[in-house]
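Asker: The structure follows.
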């Protein structure tokens, strides 16, 4: 069995990553099919447009297989504010600290690029409670709640972490 700390990070986006991202996102059972499609589309856009897409990726790999990833990018018309669009760990690998390590590695890259704040949004539905607690444990502060944003009874919860 591979040790949980035997994790490597990769920024390069490869053609096979689109399908793997779809598998990772689908495995959680949290996301609707149209949301999985958006996650895959962002990888495809990055492959097509390169850095011009504005989407940056970090893949957490174990034994050469992506087990989690983040997608992030600088927010247009800001100085140093970044959106964390996605951070997902495959269901089979959850609870092993991979998400926290991936988040810290993503924040380090954002800070190195001159980022001053990371913004993240998530759902207010009950199933997302562990996600919201994850952000709070990781040093994020709840900044806003937008009632019924995604759907009736499905709030958008916005978090921020100031890096400097």
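Asker: Looking at (1) more than 15 Å from residue 85 (Cβ to Cβ); (2) under 16 Å from the mean Cα position of the chain (by Cα); (3) in contact (Cβ under 8 Å) with a residue 24 or more places away in the chain; (4) surrounded by 13 or more Cβ atoms within 10 Å (Cβ to Cβ), which is the one condition that is false for residue 7?
Answerer: If we test residue 7 against (1) more than 15 Å from residue 85 (Cβ to Cβ); (2) under 16 Å from the mean Cα position of the chain (by Cα); (3) in contact (Cβ under 8 Å) with a residue 24 or more places away in the chain; (4) surrounded by 13 or more Cβ atoms within 10 Å (Cβ to Cβ), just (2) comes out false.
Asker: Are any residues in the range 60-102 farther than 21 Å from residue 50 by Cα, in contact with a helix residue (DSSP H, G or I) (Cβ under 6 Å, 6 or more places away or on another chain) and in a strand (DSSP E or B), and if so, which ones?
Answerer: Listed by number, the residues that qualify are 67, 88, 89.
Asker: Here's a follow-up. Would you confirm, using the coordinates I've provided, whether residue 54 is surrounded by fewer than 15 Cβ atoms within 10 Å (Cβ to Cβ) and more than 21 Å from residue 101 (Cα to Cα)? Steps first, please.
Answerer: Values: surrounded by fewer than 15 Cβ atoms within 10 Å (Cβ to Cβ): no; more than 21 Å from residue 101 (Cα to Cα): yes.
Against the criterion (surrounded by fewer than 15 Cβ atoms within 10 Å (Cβ to Cβ) and more than 21 Å from residue 101 (Cα to Cα)), residue 54 does not qualify.
Asker: Looking at the range 24-36, which of its residues are touching a strand residue (DSSP E or B) at 6+ places or on another chain (Cβ under 9 Å) and in contact (Cβ under 8 Å) with a residue 12 or more places away in the chain?
Answerer: Within the range 24-36, 24, 25, 27, 28, 30 meet the criteria.
Asker: Among 91, 96, which is more than 19 Å from residue 161 (Cα to Cα), out of contact with any strand residue (DSSP E or B) (no Cβ under 9 Å at 6 or more places or on another chain), surrounded by fewer than 22 Cβ atoms within 10 Å (Cβ to Cβ) and modelled with pLDDT of 95 or more?
Answerer: Values: 96 fails: out of contact with any strand residue (DSSP E or B) (no Cβ under 9 Å at 6 or more places or on another chain).
Only one candidate qualifies: 91.
Asker: Which of the following residues is surrounded by 15 or more Cβ atoms within 10 Å (Cβ to Cβ) and either touching a strand residue (DSSP E or B) at 6+ places or on another chain (Cβ under 9 Å) or at pLDDT 95 or above (or both): 19, 39?
Answerer: Values: 19 fails: surrounded by 15 or more Cβ atoms within 10 Å (Cβ to Cβ).
Criteria check complete, one pass: 39.
Asker: While we're on this one: Considering only residues that are over 19 Å from residue 109 (Cβ atoms) and without any contact (Cβ under 8 Å) to a residue 12 or more places away in the chain, which ones fall in the range 46-64?
Answerer: Matches in the range 46-64: 48, 49, 64.
The values are calculated or read from the model by the stated rules, or taken from the named source; none is laboratory data. Only a predicted model underlies this, so the values are computations on that prediction, with no experimental measurement involved. Don't worry about glycine lacking a Cβ; one is built from the backbone with ideal geometry, like all the others, and counts go over all protein chains shown.
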